[in-house]
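Please read the structure below before turning to the comments.
No value in this document is a laboratory result; all are computed from the given coordinates. Since the model is a prediction, treat every value here as computed from it, not as a measurement. When we count neighbours, we look across all protein chains shown, and the Cβ atoms used for this are built from the backbone with ideal geometry, even at glycine.
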Amino acid sequence: MPPALLAITLLLVVTLCYVAVCAGSPFGDCRKCHGFGFATTTDRKGRPKRGKTCRRCKGHGKRIRIGRHLFNVAARTYRAGTRP
């Protein structure tokens with residue numbers, strides 16, 4: 001196999017896998033709070049404790065994946081363009 005064909009095939013497989021992940025699980029963990037919904041801090045003794053609510057995910061701990069967001073935008077634009 002030529003290297004260019006191998007690279008294209010690999011890129012296609014990775015893209016299809018990401019599409020499958022976005023369809024099956026549209027939400028991922030928040031990158032800022034790691035899915036906790038709040039920041040973790042330590043008290044004076046060094047023990048972890050709950051901090052402030054995460055501002056990025058508003059305490060839910062989840063975020064919409066980029067691919068799913070793009071799909072939602074495209075679907076919304078298509079629906080808005082086909083209405084009478």
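A compact table of results
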{"quantity": "Members of region 1-31 that are surrounded by 13 or more Cβ atoms within 10 Å (Cβ to Cβ), within 17 Å of Cys54 (Cβ to Cβ) and of a type outside the set (Asp, Glu)", "calculated": "Phe27, Gly28, Cys30"}
{"quantity": "Count - residues of region 10-32 that are part of a helix (DSSP H, G or I) and acidic (Asp, Glu)", "calculated": "0"}
{"quantity": "Only listed residue being of a type in the set (Ser, Thr, Tyr) and either within 13 Å of the chain's Cα centre (by Cα) or surrounded by fewer than 11 Cβ atoms within 10 Å (Cβ to Cβ) (or both), chosen from Thr53, Thr42", "calculated": "Thr42"}
{"quantity": "Meets criteria (within 17 Å of the chain's Cα centre (by Cα) and either among the hydroxyl-bearing types (Ser, Thr, Tyr) or part of a loop (DSSP other than H, G, I, E, B) (or both)) for Arg68", "calculated": "no"}
